[in-house]
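Values quoted throughout were computed directly from the atomic coordinates according to the rules given, and no laboratory measurement underlies them. Computed from a predicted structure; not experimentally measured. Quick reminder, even Gly has a Cβ in these numbers, built from the backbone with ideal geometry, and neighbours come from all protein chains shown.
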Amino acid sequence: MTKHTTNRRSALAWLGAGVSVPVLAACGGSEARAQSYPVSYSEAEWRNRLSAMEFRVLREEATERAYTSPLNDEHRRGTYHCAGCGNRLFSSAHKYDSGTGWPSFWRPIDDGAVGYKTDYKLAYPRTEEHCADCGGHLGHRFNDGPEPTGHRHCINGVALDFRPA
């Protein structure tokens, strides 16, 4: 009979393996970038068209700091468009204060305005939201929003341009 002993080194090895699996699963290409979109530019063209922060969020899927967007306090009637391509995304009629520090909406302006994919960057599944026309990263959709949808579209303000009615 073989006696199995667990020492600190083997325990740390197993712990490291367990932690690395979800981290490695989060790596890899973006499904949104693998698709083709009606609006498409080279990386150099995107960098030329967008500010540095817009590029980081829309093209590299970064997240702006909470409570930094002036759109949090935007209460006029109007439409929110993709900062990358101008696609109409959200209506002010669907905006609400979620208390999260990002502009939040309970639905997109229409069913074809945004697309979704599963994001594992935090080692658990989240619903990433992107512009249906250019694939630009907008934010995430959560299932803790108000009725009638129960959804919270938590959107990076830098990914949006507001146009008053």
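For the range 40-53, in order, what is each residue's ³J(HN,Hα) by Karplus, 6.51 cos²θ - 1.76 cosθ + 1.60 with θ = phi - 60°, in whole Hz (x at glycine and Pro)?
9, 9, 6, 4, 4, 5, 4, 4, 6, 7, 10, 5, 4, 6
Report the gain in length on full extension from residue 142 to residue 35: 0.36 nm times residue separation, minus Cα-Cα distance, nm rounded to one decimal.
Gain on stretching residue 142 to residue 35: 36.2 nm.
For the range 153-165, in order, what is each residue's ³J(HN,Hα) by Karplus, 6.51 cos²θ - 1.76 cosθ + 1.60 with θ = phi - 60°, in whole Hz (x at glycine and Pro)?
8, 8, 10, 5, x, 5, 7, 10, 10, 8, 10, x, 6
Between residue 74 and residue 100, take the C-beta separation as r, use R0 = 22 Å, and let me know the FRET efficiency to the nearest 0.05. Let's see the in-between values first.
On the way: r = 15 Å, r/R0 = 0.70.
Rounded to the nearest 0.05, the efficiency is 0.90.
Pairwise over distinct Cα atoms, reciprocal of the mean inverse distance: report the Kirkwood radius of the range 30-165 in Å, one decimal place.
About 14.8 Å for the range 30-165.
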